[in-house]
Each structure stands twice: as C-alpha cells, then as structure tokens.
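Remarks on the structure that follows.
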Amino acid sequence: MLKPALILLLPLMITACSERLQAREVATIKASCEHDEKTFRCVEVLKNYDGDTLTVNIPNVPALIGKKISVRVFGIDTPEVKTKNKCEKEAGRIARNLVASTLKNAKNVELHNVQRDKYFRILADVMVDGRSLADILLKNNLAYAYDGGTKSHPDWCKSLRQPASR
C-alpha cells in the first residue's frame, strides 16, 4: 500500500517525467530542423503555383528572407498553366495538382542544394518525405530535364498520352 505522502508526490513525479520527455522531443525536433549552408529543413509549403514553383516559409530564418519565398524546383521545367496551348495547359494543371496532393500529405519538406536562379529566386532540390519532387514529376511525364538555359518545347499532348513510368 502506498503511503499518503507518496500518493501526493506521484502526480508531481509523473508531470516532471512527462516534461523531461517533452523537452527531449522538442530538442530532437529542433536538431532535425537545423539548416546548413545548402539545406533548409522543416520547410512549410504555403502553395504551389504550378509543378515547379512553390511558395514556402523557412523556419528559423528572418522573415525578410524566410517568409512567403518563391522556390523553383531544380533540374526540371513543367508545363505552364497560363498558356494558349490547350495540351500544355491541361498538363500544367495535372502537374500542379500532383504536386499539391504530394505536398498536402507530406510530413517533411526540405530544400537541398539551395542556390539562386537567374531571376534570383531560390533554386533547390525539393525533397518531400525523402523523395525528390523533380523525380516524381519526371516519372509521371509532367516535366522534362532543364538546366536553366533555353527551354525546349515538348509536345505535351504526346506526354499526356504516355503512361507514367514507375
């Protein structure tokens, strides 16, 4: 049988243990969200304009450079959503929706190999739960490899007819 003093102390002991566990969890989360020169972790995606352009908040960065920042996905170009080409517009909508649904369920978004593009936007490998967003789009025929130079103009009608590679 527990002594009355121990019964009174038990809730305090449980609370203290719980607080220590929560402090460890917070420390672990903070450590996993630390940035380095080329990587931003625990990024919050606000929206995606199309398949290759996101707006994000980057935690633990001054608001001037970390809030509502445009990020371009490195290494790809996706179809435009604002164009007169009907197939490209449809492919652009599909790409935008695929990215939106991928990001909606994401637990962790990171920006790797961060640099600036020719328009001074952030250019990065966008990793969603450890998967490359560029690879997801390429495998679904909703992007083509792009190095920032002259854009090619793929036949998006043909791309829409091709089955996605797995």
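Candidates Lys47, Lys82, Lys107: the one that is part of a strand (DSSP E or B), modelled with pLDDT of 90 or more and open to solvent by 90 Å² or more (accessible area, probe 1.4 Å) is Lys47. Residues that are within 16 Å of Gly51 (Cα to Cα) and free of Cβ contacts under 8 Å to residues at least 40 places away in the same chain within the range 107-152 comprise Met127, Val128, Arg131, Ser132, Asp135, Ile136, Lys139, Asn141, Gly148, listed in sequence order.
Take Leu98 and decide whether it is in a helix (DSSP H, G or I), open to solvent by less than 80 Å² (accessible area, probe 1.4 Å) and at pLDDT below 95. Here the answer is no, as Leu98 does not meet what is asked.
Can you tell which of Val71, Val56, Val61 is of a type in the set (A, V, I, L, M), at pLDDT 90 or above and surrounded by fewer than 18 Cβ atoms within 10 Å (Cβ to Cβ)? After ruling out the rest, the residue left standing is Val61.
The values are calculated or read from the model by the stated rules, or taken from the named source; none is laboratory data. Keep in mind that this is a model prediction, so the values were computed, not measured. Cβ: placed from backbone, ideal geometry, glycine included. Neighbour counts: every protein chain shown. Ligands, DNA and RNA are excluded from the accessible area calculation, which covers all protein heavy atoms including side chains. Shrake-Rupley method; radii C 1.70, N 1.55, O 1.52, S 1.80 Å.
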